[in-house]
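Right, one structure below, let's go through it.
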Amino acid sequence: MRILLKKMSFAIVIMFCSMNILCEDVDEPNISSDLCDYRVVINENLYENFESSSFEFINAEITDDCLNVELGASGCDGNTWVFNLVDSGAIAESSPEQRYLKLQLINDELCLAYFERTISFDLASLQINGSNEIILHIEGFESSLNYKY
């Protein structure tokens, strides 16, 4: 009986350890599961220490809660490109309020061909309580965008 209790106790401990490993917290990827391709990252440190591969803005527009960005860059096919839209976390107190963002392209493709892609970012995390509109300033994009929600 005593040996059976030891074996059962050991089995229970192993079971709880393996459950803990399976449920370990993992950083959420920047990929969105809703209507937009990616989520906006709000991080002052990342915004300030920002590095991006070069690219060209072709167009940017807001549809519902998605910022749709069309851009072009050199590469082999653009399938390995990684994107982040980073908000500084600062909100300019005006009417309407204003936010500042940078678009990051991580492009490790070493080809000279030129490709264009359209991607979208979920803007819902940028909404401000008590407001229904924000002016978005995206570094490198010629004009500001009004996000109404």
Cut-off 9 Å between beta-carbons: net charge of the residues surrounding residue 69, Lys and Arg +1, Asp and Glu -1: -1
Tally Lys and Arg at +1 and Asp and Glu at -1 over the other residues with C-beta under 12 Å from the C-beta of residue 114: what net charge comes out? -3
Any chance you could run the full-extension gain for residue 80 through residue 93? It's 0.36 nm times the residue separation minus the Cα-Cα distance, nm to one decimal. 0.9 nm
Evaluate the charge dipole of region 38-148 about its Cα centre and quote only its size in Debye, nearest 20, assuming +1 on the Cβ of each Lys and Arg and -1 on the Cβ of each Asp and Glu. 120
For residue 106 and residue 56 in one chain, what is 0.36 nm times their gap in residues minus the Cα-Cα distance, to one decimal in nm? 16.7 nm
Rounded to the nearest 0.05, FRET efficiency between residue 131 and residue 63 (Cβ-Cβ, R0 25 Å) equals 0.80
Modelling each spin label as a point 7 Å along the Cα-to-Cβ direction, I'd like the residue 146/residue 124 distance in nm, to one decimal. 2.4
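Bear in mind these aren't lab numbers, they're just calculated from the coordinates by the rules spelled out. Everything numeric here is computed off the predicted structure, so don't read it as measured data. For neighbour counting, all protein chains shown are included, and Cβ atoms are generated from backbone atoms with ideal geometry for every residue, glycine included.
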